[in-house]
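Just below is one structure, and these are the notes that go with it.
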Amino acid sequence: MQLQLDPNKKEVKAHGTYGFPVNVSLEQLSRYEKNSFLWHWHREVELTLVLSGEMCYQLNETVYHLSAGDGLFCNSNTMHTGFPDARGDDCSYISVTFHPRFLCGYEGSVLQTKYVEKITENPAIPGLRLSPSSPWQLEILTQLKNIFLLSRKPPQNYELLLQIDLLSIWNVLWEHGDFQNVQSPASTLRHMDRLRKILEYIQQHYSEKITLEDIAAQASICQSECCRFFKKHMKESLFDYLISFRIEKSLPLLRETDLPVTEIAGRVGFSTSAYYAKVFRERMRCTPTRYREM
């Protein structure tokens, strides 16, 4: 499977319902195509606890290497992706996502303005790694495990208990995370806006012929700076990302349609089917035809 995103890279999956905007799930990297989930963002806060294996979890330009027992706080609206470490092992983890309003009750409340928005509306706070070696972080990780166990067999007052647990986690983050005085420099806002424009352009035009000049123009920077900027923040070259994204978009066409491989290659932006087959084999370790058969 793979995440469903809109043209702005926002995940379109519902994390719970409007009346109860929380989702607790058990995830595994191997469930995703290429054992990784695409760059995306969502309004919800996401808390992660690794149960087994290892993974690399990237928030904006920072990559965190997480092992069993480690966790991560991913802030609202933060771009993030997850992928295997160098050894390529699988990773099983708990994901708890919730809309910030689940903590504060109603618009304009003291909880919202004093305790929630001070963190969720600050782009200088992309997130935080949670380590069991830190007592206060271990407290959060333990509560995440309890939330997961609670969700497996929900009691009658499940929603109430879950809100109490998430408020408790938020209180620990507030007291120990040192977020209150973090200021968001103008450069951080500018860089994230620039990155989103590049990713949005690729998302909307991947099926067409895209030049470096086109992409650089979207970010209002020169071509050499565009390459350097993208590599710094995404940890891979712009060209490699575009190729990977096109291959990702071809997978549903191979799985769910009978279109010829040649036509699929053209639909996702490859100039020739031979080149598509070559890079597909390099990245997926099989041919497009073999992938369709499997």
Revision key, fill the gap. Note: among LEU128, LEU149, just one is under 14 Å from VAL45 (Cβ atoms) and either in a loop (DSSP other than H, G, I, E, B) or out of contact with any Leu (no Cβ under 6 Å at 6 or more places or on another chain) (or both), namely LEU128
Practice item. Select the strands (runs of 3 or more DSSP E) contained entirely in the range 1-70, then report the ones holding at least 3 residues which are modelled with pLDDT under 85 and surrounded by 14 or more Cβ atoms within 10 Å (Cβ to Cβ). Key: 37-40
Exercise for review: Could you list, in sequence order, all residues of the range 250-260 that are farther than 10 Å from ARG292 by Cα and in contact with a helix residue (DSSP H, G or I) (Cβ under 7 Å, 6 or more places away or on another chain)?
Suggested key: SER250, LEU259
Point to revise | The listed residue being more than 18 Å from the chain's Cα centre (by Cα) and more than 21 Å from LYS209 (Cβ to Cβ), out of MET284, MET234 | key: MET284
Practice item. Find the residue count for the range 268-294, including only residues that are out of contact with any Ser or Thr (no Cβ under 6 Å at 6 or more places or on another chain), buried (at least 16 other Cβ atoms within 10 Å of the Cβ) and not aliphatic (A, V, I, L, M). Key: 6
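Here is a yes/no grid of residues against (1) in the same structural domain as GLU61 (by TED's automatic domain parsing); (2) in contact with a Lys or Arg (Cβ under 8 Å, 6 or more places away or on another chain); (3) at pLDDT below 90:
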residue: ILE202; (1), (2), (3): no, no, yes
residue: GLU213; (1), (2), (3): no, no, no
residue: ILE221; (1), (2), (3): no, yes, yes
residue: SER224; (1), (2), (3): no, no, yes
residue: SER244; (1), (2), (3): no, yes, yes
residue: PRO252; (1), (2), (3): no, no, yes
residue: GLU256; (1), (2), (3): no, no, yes
residue: ILE264; (1), (2), (3): no, no, no
residue: CYS286; (1), (2), (3): no, no, yes
Check your understanding: Pairs under 7 Å by beta carbon, first residue in the same structural domain as CYS56 (by TED's automatic domain parsing) and closer than 15 Å to LEU167 by Cβ in the range 89-114, partner among the β-branched types (Val, Ile, Thr) and assigned to a helix (DSSP H, G or I), six or more apart or different chains?
Key -> VAL96/ILE147; PRO100/VAL116; PRO100/THR120; LEU103/VAL116; CYS104/VAL116
Check your understanding: List pairs: first in the range 45-73 and over 19 Å from SER25 (Cβ atoms), second surrounded by fewer than 18 Cβ atoms within 10 Å (Cβ to Cβ) and of a type in the set (Lys, Arg), Cβ under 8 Å, 6+ apart or cross-chain?
Key -> GLU54/ARG87; GLN58/LYS235; GLU61/LYS232; GLU61/LYS235; VAL63/LYS235; TYR64/ARG129
Study note, to complete from the structure: Given (1) touching a strand residue (DSSP E or B) at 6+ places or on another chain (Cβ under 8 Å); (2) part of a helix (DSSP H, G or I), VAL96 misses just (2)
Exercise for review: Keeping to the range 256-279, report how many residues are touching a Phe, Trp or Tyr at 6+ places or on another chain (Cβ under 8 Å) and either more than 19 Å from ILE210 (Cα to Cα) or of a type in the set (S, T, N, Q) (or both).
Suggested key: 1
Study note, to complete from the structure: Picking from ILE94, ILE119, ILE125, the residue that is touching a helix residue (DSSP H, G or I) at 6+ places or on another chain (Cβ under 9 Å), modelled with pLDDT of 90 or more and buried (at least 18 other Cβ atoms within 10 Å of the Cβ) would be ILE94
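The values are calculated or read from the model by the stated rules, or taken from the named source; none is laboratory data. Computed from a predicted model, the values in this text were never measured in an experiment. Reconstructed Cβ throughout: ideal geometry from the backbone, glycine too, with neighbour counts over all protein chains shown.
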